[in-house]
Amino acid sequence: MSSESVHLSADSETRRRRIAADNPDETAGEPPWGQQNPRGRGLCCDATHLLHEGLDGHSLPCISPPLGPYSSASLCRQRSHSLHAFDDTWDDGRCKTTISAENEVEAQKQANNYKFGFRKWKSHITERPFEVRSEVVKELYSELNVIKVHTGSLISCGNVLYVFLFGWWLALVYALVSLLMFCTLIGFPYGELCWNLSGYFLWPFGKSITEGIASERRPKRAGPDTFTEEVEEHNGASSILLPTPVEDVFEESQAPHKTSHWRRVSTYVWLLLGYPVLAIFHSLACLLSWLLVVTIPVAKMNARAVGSILLLPPEEVHISRITEEPQTGEDKALLCCNHALNGYYYKYTVDGINVFAVNLLPLVIFALVIGYIDKDNKFASSEVKFATAIGSIIPLSYYIGMGIASISAQSNFAVGAVVNATFGSITEMTFYITALLRGHREGNQCLQEIVKAALTGTLLGCILFIPGICMIIGGLRHSEQRFNSRSAGVSSSLLFISIGGVFAPTLFSKAYGNLTCEGCSSTATNATTNTTGPYVCHNCHYDLSENNYTMFHSHVEPLVHSVSVLLPLAYIIGLIFTLKTHSHIYDIHVGDNNASGHLGAVVHWSRWRALFILIVATVLMSACADLTTEHIQPILSQPGISQYFIGVTVLAMVPEIPEIVNGIQFALQNNISLSLEVGSCIAVQVCMIQIPLLILFNAIYDVGFVLIFSDLHLWASIFSVILVNYIFMDGKSDYFQGTSLVVVYLILLATYYFAPSPAGC
């Protein structure tokens, strides 16, 4: 380090201390971190990118004020004239990224997101304290046994849609059951109840269902607009549909338990004739509304009806309209729903698992059942089996990702690195290996080309599409986003190394391979000189197959084996460089201040549970991959669609959908650095882990896999890496740059779509 740079650093440190000393009141008077940035995320220079600037134009180090426990972003104090010198002073100022989380496990998970070689994971792996969550999220988990007065209009698009989707046929079923119970005479009270419920379920909004109880069990008033029993503070996870049972608080002693209801004959007539029919239709409505996600309140409403309301004595069930001044009677609130739709239910989780992953899990069972039982395609065609099998990979990828994040956050660095390197590539590896095995057994060289197309498609998607779509969405919300160009440069350098290593045998074939052509014919013959005209040949390629023994075994095969050793070695060196010797590039710091009450982290999945789920998901993934390769042939035989296109799109990007969602969520929270690292991490693992593993597998069990790619794969990958490195150079991103990447990706997809079928297909 030169004396001039030392002098500048000393001056910068002196200015920083002078500013801190001159403005103690300003620093002390700043609001808490949670009030300044409710999201609690961002980076000191990585996200906010605010640097101090001295009077002489040199940047000052960022000052990180004391934040809450495990604070996720260092707050850089900003002067009004400090932005224009950012590009030239990035490396002069040392900015520390402070992690903010509710507990140590979440802090470790967030720290792993910034580490090279670790898959990025957005969702929480521990139970979040309910009291610190936003009001929007609290509304998602609210109980339906709380009566709330709605001040606005109840006639909304969602409520009207409920009538067309559920309300009319639920009301019709209740009316028919009501007539049935009237005919039994003895079930007249239940008939009257069903008739009243028919009108309720046709339009339940603005109404409430209460249970009549004795005066000594009168509930206390919960608030000015809400009255129900006192509910204990929500500290645990509730069940999927039904609210967590709570113990009622009474002003006086509890009333004696009534048993006369279960001694009536009418009760058993109801349970035999009326209740089963309504239970079936309510279950159907509950299932449909749960699968639609945004109508989960309807699912909760139907679940409460089956599990509680229909089992009560009919004389104790009362339906009334909600007034602004609720009547303080002797009734206990059972059901109240003012809105049928809530667009924020995409955030809803069950035991830490996103609702979409929960809903897609039955698809895995359905795919396995029709795939392995209906061998003759009597009930489902091969196209349907292929679609269900490839769709089943999406939830399994999610469970594998959450299992990896859970184990890594609860383990040390070595265990986390091993788990990410092994299970992080298990989704793609199961498909590649099963496709190569099936192609080898059937003698179908097309499946080997499909595997190479899927590898290339994953590279192109991770290099172009994932960063591009994240830049577009993040740029539309935050105008311009900044990221650490130096840390991005590390990933870019590894991408250059990996692409060069993967395509080195292909470049070698261009220089030394034997050009072989098929279908050569002369265009014309000169009768006078008895000479032929130029030849026209088709399907020309460089012959590096095992038939060309000398070239393949003496030159190509040793080169491939050398590459398969050097690429993992470069990956290990990258781990050591970024996580040990040069970890200051990321400069991650976990806050030292601990908040009381948040230290005892309750993880959704323990390490052993996560490991068990990882193993089960891997087994199911291999079965779905086997079904995908078994029923892919009709898809490949579709006229007008190149097999290249199917490989680089469906087979390459479907397993990466959970990663795309993670990247978009990071971008929306103004953390574009992690969004870009999502794609780079996958691309580097494809080249430095997955391809060497395929070469190792081929060396152990020869399936004929040769690391020679077509010209289209070669030039598309090289061009993509050069383009993305050019865009990442300035450390800034906006929606225009993202659009450029996505447009290039779509152009390459169009090229693959119209490309001729590969050899062997």
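The values are calculated or read from the model by the stated rules, or taken from the named source; none is laboratory data. Everything numeric in this text was worked out from a predicted model, so none of it was measured. Cβ sites come from the backbone with ideal geometry, for glycine too, and all protein chains shown count toward neighbours. Keep in mind that these areas ignore ligands, DNA and RNA; they rest on the heavy atoms of the full protein, side chains included. Shrake-Rupley method; radii C 1.70, N 1.55, O 1.52, S 1.80 Å.
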Legend entry - Residue count for segment 457-485, restricted to those that are of a type in the set (Ser, Thr, Tyr) and either open to solvent by less than 30 Å² (accessible area, probe 1.4 Å) or outside any helix (DSSP H, G or I) (or both): 2
Inset, instruction - Can you tell me which residue within segment 361-395, out of those that are open to solvent by 20 Å² or more (accessible area, probe 1.4 Å) and charged (D, E, K, R), is nearest to Leu636 (Cα to Cα)? - result: Glu383
Legend entry - Residue that is least open to solvent (accessible area, probe 1.4 Å), among those in segment 401-419 that are out of contact with any Phe, Trp or Tyr (no Cβ under 8 Å at 6 or more places or on another chain), touching a residue at least 12 places away in the same chain (Cβ under 8 Å) and of a type in the set (S, T, N, Q): Ser411
Legend entry - Boolean, Ile727 is in contact with a Leu (Cβ under 8 Å, 6 or more places away or on another chain), of a type in the set (A, V, I, L, M, F, W, C), more than 30 Å from Phe552 (Cβ to Cβ) and part of a helix (DSSP H, G or I): yes
Inset, instruction - Tell me which of these Ala454 doesn't satisfy, since it passes every other one: (1) open to solvent by less than 10 Å² (accessible area, probe 1.4 Å); (2) closer than 20 Å to Phe118 by Cα; (3) small (Gly, Ala, Ser); (4) touching a Phe, Trp or Tyr at 6+ places or on another chain (Cβ under 8 Å). - result: (2)
Inset, instruction - Could you grab the pairs with beta carbons closer than 8 Å, sequence gap of 6+ or different chains, first residue in segment 692-712 and more than 21 Å from Glu442 (Cα to Cα) and outside any loop (DSSP other than H, G, I, E, B), second one open to solvent by 50 Å² or more (accessible area, probe 1.4 Å) and not polar (S, T, N, Q)? - result: Pro692/Val565
Legend entry - Lone unmet requirement of (1) more than 30 Å from the chain's Cα centre (by Cα); (2) part of a helix (DSSP H, G or I) for Pro297: (1)
Inset, instruction - Could you please give the count of residues in segment 680-709 that are open to solvent by 30 Å² or more (accessible area, probe 1.4 Å) and hydroxyl-bearing (Ser, Thr, Tyr)? - result: 1
Legend entry - Every pair of residues 6+ apart whose Cβ atoms lie under 6 Å, when the first sits in segment 149-161 and is within 13 Å of Ala340 (Cα to Cα) while the second is in a loop (DSSP other than H, G, I, E, B): Leu154/Phe205; Leu154/Gly206; Gly158/Ala340; Gly158/Leu341; Asn159/Phe205; Asn159/Ala340
Legend entry - Flag if Val742 is assigned to a helix (DSSP H, G or I), touching a residue at least 24 places away in the same chain (Cβ under 8 Å), touching a helix residue (DSSP H, G or I) at 6+ places or on another chain (Cβ under 7 Å) and surrounded by fewer than 21 Cβ atoms within 10 Å (Cβ to Cβ): yes
Legend entry - The listed residue being open to solvent by 20 Å² or more (accessible area, probe 1.4 Å) and touching a residue at least 40 places away in the same chain (Cβ under 8 Å), out of Leu179, Leu165, Leu172, Leu140: Leu165
Legend entry - Failed criterion for Tyr398 (all others in (1) open to solvent by less than 40 Å² (accessible area, probe 1.4 Å); (2) in contact (Cβ under 8 Å) with a residue 40 or more places away in the chain; (3) closer than 15 Å to Ala625 by Cα hold): (3)
Inset, instruction - Determine, yes or no, whether Pro658 is modelled with pLDDT of 90 or more, open to solvent by less than 40 Å² (accessible area, probe 1.4 Å) and part of a helix (DSSP H, G or I). - result: no
Inset, instruction - Give me the pairs, please: first residue somewhere in segment 647-673 and β-branched (Val, Ile, Thr), second residue anywhere and at pLDDT below 90 and crowded, with 23+ Cβ neighbours inside 10 Å, beta-carbon distance under 6 Å, and either six or more positions apart or on two chains. - result: Ile672/Gln481; Ile672/Phe483; Ile672/Ser733
Inset, instruction - Mind listing whichever residues of segment 300-322 are assigned to a loop (DSSP other than H, G, I, E, B) and in contact with a His (Cβ under 6 Å, 6 or more places away or on another chain)? - result: Pro313
Legend entry - Whichever residue in segment 719-739 is open to solvent by 50 Å² or more (accessible area, probe 1.4 Å) and of a type in the set (Val, Ile, Thr) and, among such residues, is farthest from Gly457 (Cα to Cα): Thr739
Inset, instruction - Could you pull out the residue among Ala601, Ala570, Ala595, Ala610 that is among the hydrophobic types (A, V, I, L, M, F, W, C), at pLDDT below 80, touching a Gly at 6+ places or on another chain (Cβ under 8 Å) and open to solvent by less than 50 Å² (accessible area, probe 1.4 Å)? - result: Ala595
